[in-house]
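The values are calculated or read from the model by the stated rules, or taken from the named source; none is laboratory data. Source: prediction; values computed, not measured. Here the Cβ positions follow ideal geometry from the backbone for every residue, glycine too, while neighbour counts run over all protein chains shown. Side chains are part of the model used for accessible areas, which takes the heavy atoms of the whole protein and leaves out ligands, DNA and RNA. Shrake-Rupley method; radii C 1.70, N 1.55, O 1.52, S 1.80 Å.
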Amino acid sequence: MKVFKITRSMHLGITSLAAVAMLSGTASNAKAEVQIGEVADTQLAMYGILDGGVLYQDKVTTDGDRKIGVETSGLTPTILGFKGSRTLDNDWNAFFNLEAHFDLDTGMFHGSGDADTDADDGSGRVLFRRQANVGLSGDWGTAIIGRQYGPAVLAHLATEPRGFKEQFSNTYAWAYSQLFTTVNDSSGMAGRNANNDVGFFFKNAVQYRNNLAGVDFGILYSFGGQEGSTAEGDVLSIGAAYAAGPLTLSGSYQRMRDQQTAEDLVTSWATGAAYNLADWTFKLHFMNTENKDASGTEVLDVDALGFGVDWQWNLKNSATVAYYINEDDAPAASAKTRSLVVSNDYSLSESTILYAQMAYVDADDMGVVSQFATSIVANPTPVNEKTALLNVGVNYAF
(Lines give C-alpha, C1' and ligand atoms only; values in the text may rest on other atoms or scores of the structure.)
Protein backbone atom coordinates (compact mmCIF):
# COMPACT_ATOMS: atom_id res chain seq x y z
CA MET A 1 0.00 0.00 0.00
CA LYS A 2 1.35 3.41 -0.96
CA VAL A 3 1.76 5.73 2.02
CA PHE A 4 3.82 8.78 2.90
CA LYS A 5 5.82 9.50 -0.23
CA ILE A 6 8.69 11.41 1.37
CA THR A 7 12.29 11.68 0.19
CA ARG A 8 15.57 12.25 1.98
CA SER A 9 16.20 15.38 -0.09
CA MET A 10 12.99 17.07 1.02
CA HIS A 11 13.68 20.38 2.76
CA LEU A 12 10.62 22.40 3.71
CA GLY A 13 12.20 25.02 5.95
CA ILE A 14 8.75 25.18 7.47
CA THR A 15 8.61 28.20 9.70
CA SER A 16 9.64 29.75 12.93
CA LEU A 17 7.16 31.80 14.85
CA ALA A 18 9.39 32.94 17.67
CA ALA A 19 10.06 36.52 16.55
CA VAL A 20 6.82 37.08 14.70
CA ALA A 21 3.49 38.33 16.02
CA MET A 22 1.33 36.55 13.57
CA LEU A 23 -2.35 37.10 13.70
CA SER A 24 -5.07 39.58 12.80
CA GLY A 25 -4.15 43.25 13.01
CA THR A 26 -0.75 42.48 14.55
CA ALA A 27 0.55 40.14 11.90
CA SER A 28 4.03 41.57 11.59
CA ASN A 29 7.46 41.32 13.09
CA ALA A 30 7.04 42.37 16.68
CA LYS A 31 10.27 44.37 16.62
CA ALA A 32 9.93 46.60 13.57
CA GLU A 33 7.53 47.84 10.96
CA VAL A 34 7.61 50.41 8.16
CA GLN A 35 4.50 52.57 7.82
CA ILE A 36 3.90 53.01 4.10
CA GLY A 37 1.08 55.52 4.38
CA GLU A 38 -2.67 55.84 4.30
CA VAL A 39 -4.87 55.00 1.32
CA ALA A 40 -8.68 55.28 1.42
CA ASP A 41 -8.63 55.41 5.24
CA THR A 42 -6.47 52.26 5.38
CA GLN A 43 -3.21 52.34 7.31
CA LEU A 44 -0.67 50.37 5.25
CA ALA A 45 2.52 48.82 6.60
CA MET A 46 5.38 46.67 5.33
CA TYR A 47 7.56 44.41 7.48
CA GLY A 48 10.09 41.65 7.10
CA ILE A 49 12.88 39.55 8.54
CA LEU A 50 16.14 38.67 6.78
CA ASP A 51 18.00 35.75 8.33
CA GLY A 52 21.17 34.14 7.05
CA GLY A 53 24.25 32.38 8.39
CA VAL A 54 26.67 29.50 8.06
CA LEU A 55 25.84 25.91 9.08
CA TYR A 56 28.44 23.23 9.80
CA GLN A 57 27.45 19.56 10.14
CA ASP A 58 30.06 16.92 10.96
CA LYS A 59 28.07 14.00 9.50
CA VAL A 60 25.67 14.41 6.58
CA THR A 61 25.64 10.72 5.60
CA THR A 62 26.39 7.47 7.36
CA ASP A 63 29.77 7.57 5.58
CA GLY A 64 30.75 10.47 7.86
CA ASP A 65 30.91 13.18 5.20
CA ARG A 66 31.03 16.76 6.56
CA LYS A 67 29.29 19.81 5.13
CA ILE A 68 29.56 23.56 5.59
CA GLY A 69 27.60 26.20 3.71
CA VAL A 70 25.33 29.22 3.79
CA GLU A 71 22.03 28.52 5.53
CA THR A 72 18.94 30.66 5.16
CA SER A 73 16.63 31.15 8.12
CA GLY A 74 18.55 29.77 11.07
CA LEU A 75 16.73 31.66 13.81
CA THR A 76 13.55 32.71 12.01
CA PRO A 77 12.28 32.38 8.45
CA THR A 78 13.10 35.08 5.93
CA ILE A 79 9.81 36.79 5.17
CA LEU A 80 8.27 39.86 3.55
CA GLY A 81 4.80 40.98 4.57
CA PHE A 82 2.20 43.67 4.03
CA LYS A 83 -0.74 44.51 6.25
CA GLY A 84 -3.47 47.07 6.44
CA SER A 85 -6.13 48.15 8.90
CA ARG A 86 -9.11 50.46 8.77
CA THR A 87 -11.35 51.73 11.59
CA LEU A 88 -15.03 51.29 10.81
CA ASP A 89 -17.98 53.43 11.91
CA ASN A 90 -19.16 50.94 14.55
CA ASP A 91 -15.70 50.91 16.25
CA TRP A 92 -14.85 47.65 14.55
CA ASN A 93 -11.62 47.26 12.58
CA ALA A 94 -11.13 45.71 9.16
CA PHE A 95 -7.68 44.36 8.29
CA PHE A 96 -5.72 42.24 5.84
CA ASN A 97 -2.45 40.27 5.94
CA LEU A 98 -0.20 39.20 3.04
CA GLU A 99 2.99 37.37 4.02
CA ALA A 100 5.53 35.66 1.77
CA HIS A 101 8.39 33.29 2.57
CA PHE A 102 11.63 33.23 0.56
CA ASP A 103 15.20 31.94 0.86
CA LEU A 104 17.92 34.48 1.55
CA ASP A 105 20.71 32.36 0.06
CA THR A 106 19.05 32.14 -3.37
CA GLY A 107 16.38 34.86 -3.38
CA MET A 108 13.78 32.31 -4.51
CA PHE A 109 10.33 31.78 -3.07
CA HIS A 110 10.39 28.99 -0.53
CA GLY A 111 8.65 25.76 -1.52
CA SER A 112 5.42 25.08 0.34
CA GLY A 113 3.92 21.99 1.93
CA ASP A 114 0.82 22.25 -0.25
CA ALA A 115 -0.43 19.19 -2.11
CA ASP A 116 1.61 19.10 -5.30
CA THR A 117 -1.30 18.06 -7.51
CA ASP A 118 -3.50 21.09 -6.74
CA ALA A 119 -4.14 23.05 -9.90
CA ASP A 120 -3.89 26.37 -8.07
CA ASP A 121 -0.48 25.82 -6.46
CA GLY A 122 1.13 22.90 -8.26
CA SER A 123 4.38 24.81 -8.83
CA GLY A 124 5.22 24.75 -5.11
CA ARG A 125 5.94 28.48 -5.33
CA VAL A 126 2.97 29.89 -3.45
CA LEU A 127 3.44 33.68 -3.34
CA PHE A 128 1.79 34.37 0.03
CA ARG A 129 2.43 31.01 1.62
CA ARG A 130 2.19 32.16 5.22
CA GLN A 131 -0.76 34.54 5.13
CA ALA A 132 -3.31 35.79 2.61
CA ASN A 133 -6.37 36.79 4.59
CA VAL A 134 -8.89 39.49 5.50
CA GLY A 135 -10.76 39.96 8.75
CA LEU A 136 -12.81 41.98 11.21
CA SER A 137 -12.21 42.67 14.90
CA GLY A 138 -14.11 44.34 17.72
CA ASP A 139 -14.88 43.96 21.40
CA TRP A 140 -16.49 40.63 20.44
CA GLY A 141 -13.18 39.16 19.20
CA THR A 142 -11.51 38.65 15.82
CA ALA A 143 -12.65 36.78 12.71
CA ILE A 144 -10.23 35.90 9.89
CA ILE A 145 -10.95 34.43 6.44
CA GLY A 146 -8.35 33.02 4.05
CA ARG A 147 -4.96 31.34 4.25
CA GLN A 148 -3.59 31.68 7.78
CA TYR A 149 -1.70 30.29 10.75
CA GLY A 150 -3.45 27.56 12.69
CA PRO A 151 -4.27 28.45 16.30
CA ALA A 152 -2.84 25.15 17.58
CA VAL A 153 0.78 26.08 16.92
CA LEU A 154 0.23 29.69 18.03
CA ALA A 155 -0.84 28.48 21.48
CA HIS A 156 2.61 27.06 22.24
CA LEU A 157 4.92 29.97 21.33
CA ALA A 158 5.72 30.65 24.99
CA THR A 159 6.00 27.02 26.11
CA GLU A 160 7.96 25.22 23.34
CA PRO A 161 11.55 25.11 24.72
CA ARG A 162 12.98 27.19 21.86
CA GLY A 163 9.82 29.00 20.82
CA PHE A 164 9.63 27.07 17.53
CA LYS A 165 12.80 28.65 16.17
CA GLU A 166 13.51 27.73 12.58
CA GLN A 167 16.41 25.39 13.35
CA PHE A 168 17.08 23.10 16.32
CA SER A 169 13.56 23.03 17.78
CA ASN A 170 10.44 20.89 17.46
CA THR A 171 9.31 23.04 14.55
CA TYR A 172 10.20 20.09 12.34
CA ALA A 173 8.74 17.35 14.53
CA TRP A 174 5.48 19.32 14.40
CA ALA A 175 5.67 19.95 10.67
CA TYR A 176 7.01 16.68 9.27
CA SER A 177 4.67 14.60 11.44
CA GLN A 178 1.72 16.51 9.93
CA LEU A 179 3.05 16.68 6.37
CA PHE A 180 1.67 13.24 5.52
CA THR A 181 -1.58 14.40 3.86
CA THR A 182 0.11 16.79 1.42
CA VAL A 183 2.84 14.60 -0.05
CA ASN A 184 0.36 12.07 -1.42
CA ASP A 185 -1.66 12.42 -4.60
CA SER A 186 -5.38 11.74 -4.89
CA SER A 187 -5.06 8.20 -6.31
CA GLY A 188 -4.97 4.95 -4.36
CA MET A 189 -5.53 4.82 -0.60
CA ALA A 190 -2.64 6.98 0.60
CA GLY A 191 -4.83 9.70 2.09
CA ARG A 192 -4.86 13.39 1.29
CA ASN A 193 -6.00 16.74 2.65
CA ALA A 194 -5.04 19.62 0.35
CA ASN A 195 -5.93 22.31 2.92
CA ASN A 196 -3.03 21.37 5.20
CA ASP A 197 0.41 22.96 4.84
CA VAL A 198 2.52 21.01 7.39
CA GLY A 199 0.17 21.68 10.29
CA PHE A 200 1.16 25.36 10.44
CA PHE A 201 -0.80 27.03 7.63
CA PHE A 202 -4.30 26.27 6.37
CA LYS A 203 -6.13 27.24 3.20
CA ASN A 204 -9.86 27.85 2.76
CA ALA A 205 -10.08 28.64 6.46
CA VAL A 206 -12.15 30.70 8.88
CA GLN A 207 -10.84 31.45 12.36
CA TYR A 208 -12.29 33.09 15.47
CA ARG A 209 -9.98 34.47 18.19
CA ASN A 210 -10.55 36.11 21.54
CA ASN A 211 -9.13 36.57 25.01
CA LEU A 212 -11.44 35.74 27.90
CA ALA A 213 -10.38 35.82 31.56
CA GLY A 214 -6.72 35.59 30.61
CA VAL A 215 -7.20 32.72 28.14
CA ASP A 216 -6.10 33.62 24.63
CA PHE A 217 -7.68 31.12 22.22
CA GLY A 218 -8.45 30.46 18.60
CA ILE A 219 -10.75 28.06 16.72
CA LEU A 220 -10.13 27.43 13.00
CA TYR A 221 -12.20 25.45 10.53
CA SER A 222 -10.94 24.75 7.02
CA PHE A 223 -13.70 23.78 4.60
CA GLY A 224 -13.12 20.59 2.64
CA GLY A 225 -15.05 21.95 -0.33
CA GLN A 226 -15.99 18.48 -1.62
CA GLU A 227 -19.28 17.85 -3.38
CA GLY A 228 -21.92 16.09 -1.29
CA SER A 229 -19.97 16.17 2.02
CA THR A 230 -18.96 18.75 4.62
CA ALA A 231 -16.60 16.31 6.37
CA GLU A 232 -14.39 15.21 3.47
CA GLY A 233 -11.16 17.21 3.43
CA ASP A 234 -11.95 19.51 6.35
CA VAL A 235 -9.61 20.63 9.16
CA LEU A 236 -10.32 21.57 12.76
CA SER A 237 -7.63 23.40 14.75
CA ILE A 238 -7.99 24.66 18.33
CA GLY A 239 -5.39 26.32 20.54
CA ALA A 240 -5.39 28.16 23.86
CA ALA A 241 -2.82 29.72 26.19
CA TYR A 242 -3.32 30.99 29.73
CA ALA A 243 -0.91 33.40 31.40
CA ALA A 244 -1.08 34.31 35.09
CA GLY A 245 1.93 36.02 36.62
CA PRO A 246 5.06 33.92 36.03
CA LEU A 247 3.09 30.87 34.80
CA THR A 248 1.98 30.13 31.23
CA LEU A 249 -0.01 27.06 30.22
CA SER A 250 -0.86 25.97 26.66
CA GLY A 251 -2.95 23.33 24.95
CA SER A 252 -4.02 22.45 21.40
CA TYR A 253 -5.83 19.94 19.18
CA GLN A 254 -5.81 19.44 15.40
CA ARG A 255 -7.71 17.01 13.18
CA MET A 256 -7.52 16.63 9.39
CA ARG A 257 -9.78 14.35 7.35
CA ASP A 258 -9.33 12.66 3.99
CA GLN A 259 -11.00 14.49 1.11
CA GLN A 260 -12.37 11.29 -0.40
CA THR A 261 -13.26 9.04 2.54
CA ALA A 262 -13.60 11.52 5.48
CA GLU A 263 -11.27 9.22 7.46
CA ASP A 264 -9.24 10.99 10.15
CA LEU A 265 -5.76 11.25 8.59
CA VAL A 266 -3.95 13.40 11.16
CA THR A 267 -4.86 13.94 14.80
CA SER A 268 -2.50 15.93 16.98
CA TRP A 269 -2.65 17.28 20.50
CA ALA A 270 -0.11 19.13 22.58
CA THR A 271 0.32 20.70 25.98
CA GLY A 272 2.98 22.90 27.51
CA ALA A 273 4.00 24.98 30.50
CA ALA A 274 6.48 27.77 31.21
CA TYR A 275 7.51 29.39 34.48
CA ASN A 276 9.51 32.59 34.80
CA LEU A 277 11.78 33.12 37.79
CA ALA A 278 13.73 36.39 37.57
CA ASP A 279 16.18 35.99 34.65
CA TRP A 280 15.28 32.31 34.14
CA THR A 281 12.35 30.76 32.25
CA PHE A 282 11.74 27.02 32.49
CA LYS A 283 9.72 25.29 29.75
CA LEU A 284 8.14 21.89 29.19
CA HIS A 285 6.26 20.80 26.05
CA PHE A 286 4.74 17.53 24.82
CA MET A 287 3.05 16.66 21.51
CA ASN A 288 1.47 13.49 20.14
CA THR A 289 0.66 13.15 16.44
CA GLU A 290 -0.99 10.15 14.80
CA ASN A 291 -1.17 9.65 11.02
CA LYS A 292 -3.38 7.15 9.23
CA ASP A 293 -3.98 6.49 5.57
CA ALA A 294 -7.42 6.74 3.97
CA SER A 295 -8.28 3.19 5.00
CA GLY A 296 -7.40 3.79 8.68
CA THR A 297 -4.00 2.05 8.70
CA GLU A 298 -1.53 3.71 11.08
CA VAL A 299 1.47 5.39 9.46
CA LEU A 300 2.94 7.49 12.28
CA ASP A 301 2.51 7.75 16.04
CA VAL A 302 4.97 10.39 17.25
CA ASP A 303 5.55 11.46 20.85
CA ALA A 304 7.67 14.62 20.98
CA LEU A 305 8.90 15.79 24.38
CA GLY A 306 10.99 18.90 24.91
CA PHE A 307 12.19 20.72 27.99
CA GLY A 308 14.60 23.58 28.49
CA VAL A 309 15.57 26.81 30.19
CA ASP A 310 16.18 30.36 28.95
CA TRP A 311 18.65 32.57 30.82
CA GLN A 312 18.76 36.32 30.23
CA TRP A 313 22.31 36.61 31.54
CA ASN A 314 22.72 40.29 30.73
CA LEU A 315 20.88 43.06 28.92
CA LYS A 316 21.97 41.95 25.44
CA ASN A 317 22.44 38.19 25.80
CA SER A 318 19.94 35.37 26.16
CA ALA A 319 21.08 31.75 26.37
CA THR A 320 18.98 28.59 25.98
CA VAL A 321 19.62 24.94 26.79
CA ALA A 322 17.01 22.46 25.53
CA TYR A 323 16.68 18.69 25.25
CA TYR A 324 14.30 16.81 22.95
CA ILE A 325 13.24 13.16 22.97
CA ASN A 326 11.12 12.38 19.90
CA GLU A 327 9.86 8.84 19.28
CA ASP A 328 7.79 7.18 16.57
CA ASP A 329 5.87 4.23 18.03
CA ALA A 330 4.26 3.14 14.75
CA PRO A 331 7.08 0.87 13.48
CA ALA A 332 7.45 -2.64 14.89
CA ALA A 333 10.54 -1.36 16.70
CA SER A 334 9.94 2.18 17.94
CA ALA A 335 12.55 4.74 16.89
CA LYS A 336 13.92 7.68 18.90
CA THR A 337 15.86 10.82 18.09
CA ARG A 338 17.49 12.54 21.07
CA SER A 339 18.75 16.10 20.65
CA LEU A 340 20.64 18.49 22.91
CA VAL A 341 20.64 22.17 21.90
CA VAL A 342 22.69 25.08 23.30
CA SER A 343 22.29 28.59 21.90
CA ASN A 344 22.89 32.27 22.57
CA ASP A 345 21.23 35.32 21.02
CA TYR A 346 23.13 38.63 21.17
CA SER A 347 21.09 41.78 20.49
CA LEU A 348 23.15 44.15 18.36
CA SER A 349 20.14 46.48 18.36
CA GLU A 350 16.42 46.28 19.01
CA SER A 351 15.85 44.54 15.68
CA THR A 352 19.22 42.94 14.86
CA ILE A 353 20.37 39.70 16.50
CA LEU A 354 23.66 37.87 16.17
CA TYR A 355 23.06 34.21 17.07
CA ALA A 356 25.09 31.06 17.66
CA GLN A 357 23.42 27.69 18.16
CA MET A 358 24.67 24.14 18.27
CA ALA A 359 22.97 20.76 18.43
CA TYR A 360 24.08 17.23 19.21
CA VAL A 361 21.69 14.68 17.67
CA ASP A 362 21.58 10.94 18.41
CA ALA A 363 19.25 9.16 15.96
CA ASP A 364 18.31 5.48 16.18
CA ASP A 365 18.33 3.20 13.16
CA MET A 366 14.94 3.96 11.57
CA GLY A 367 13.01 4.34 8.33
CA VAL A 368 12.76 7.58 6.35
CA VAL A 369 9.28 8.39 7.67
CA SER A 370 10.41 8.21 11.30
CA GLN A 371 13.66 9.99 10.47
CA PHE A 372 11.80 13.08 9.29
CA ALA A 373 9.03 13.00 11.88
CA THR A 374 11.43 12.90 14.86
CA SER A 375 13.92 15.47 13.52
CA ILE A 376 14.70 18.90 15.01
CA VAL A 377 16.51 20.09 11.85
CA ALA A 378 15.28 20.78 8.34
CA ASN A 379 17.47 18.12 6.74
CA PRO A 380 17.37 15.17 9.17
CA THR A 381 20.69 13.88 10.43
CA PRO A 382 21.81 10.37 9.38
CA VAL A 383 20.25 7.45 11.26
CA ASN A 384 22.19 5.26 13.67
CA GLU A 385 24.68 8.10 14.08
CA LYS A 386 25.60 10.85 16.53
CA THR A 387 25.83 14.18 14.71
CA ALA A 388 27.04 17.64 15.74
CA LEU A 389 25.78 20.83 14.07
CA LEU A 390 26.85 24.46 14.51
CA ASN A 391 24.96 27.44 13.09
CA VAL A 392 26.08 31.09 13.33
CA GLY A 393 24.15 33.92 11.70
CA VAL A 394 22.47 37.30 11.79
CA ASN A 395 18.77 38.09 11.99
CA TYR A 396 17.73 41.53 10.70
CA ALA A 397 14.18 42.78 11.13
CA PHE A 398 12.45 45.82 9.64
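Assorted remarks:
- Total formal charge among the other residues, if their Cβ is under 12 angstrom from that of Leu98, Lys/Arg +1 and Asp/Glu -1: +3
- Between the listed residues Ala273, Gln226, Phe200, the Cα displaced farthest toward the positive end of the dipole of the range 151-293, a dipole computed from Cβ unit charges relative to the Cα centre, is found at Ala273.
- By the equivalent-ellipsoid construction on the alpha carbon gyration tensor, the chain comes out with semi-axes of 30, 28, 20 Å, ordered largest to smallest.
- Secondary structure note: in the chain, about 100% of the DSSP beta bridges are antiparallel.
- Neighbourhood net charge (14 Å Cβ-Cβ; Lys/Arg +1, Asp/Glu -1) for Ile68: -1
- Debye, to nearest 20: dipole size of the range 37-112, +1 on Lys, Arg Cβ, -1 on Asp, Glu Cβ: 160
- Fluctuation leader among Ala304, Ala152, Ala231 - the chain, Gaussian network, Cα springs under 10 angstrom: Ala231
- Rounded if a/c under 1.5, otherwise prolate or oblate - the range 272-378, Cα gyration tensor axes: prolate
- For the range 265-289 and the range 298-328, distance of Cα centres in Å: 9
- If you take the alpha carbon atoms of the range 250-323 and fit the smallest convex hull around them, that volume is 94 Å³ per residue.
- Ordering Ile36, Ile219, Ile79 by accessible surface, largest first, gives Ile36, Ile219, Ile79; the 1.4 Å probe counts only protein heavy atoms, with every chain in place.
- Surface composition of the chain: carbon and sulfur atoms hold 59% of the protein heavy-atom accessible area at a 1.4 Å probe.
- Across the range 209-352, Cα pairs under 8 Å and at least six residues apart give a relative contact order of 13 percent.
- Cα centre as origin, Lys/Arg/Asp/Glu Cβ charges: the chain dipole, Debye: 540
- By a 1.4 Å probe calculation restricted to protein chains, Met358 has an accessible surface near 100 Å², given to the nearest 10.
- Exposure rule at most 11 other beta-carbon atoms within 10 Å, DSSP loop GluC sites (Glu not before Pro): the chain longest free segment: 1-226
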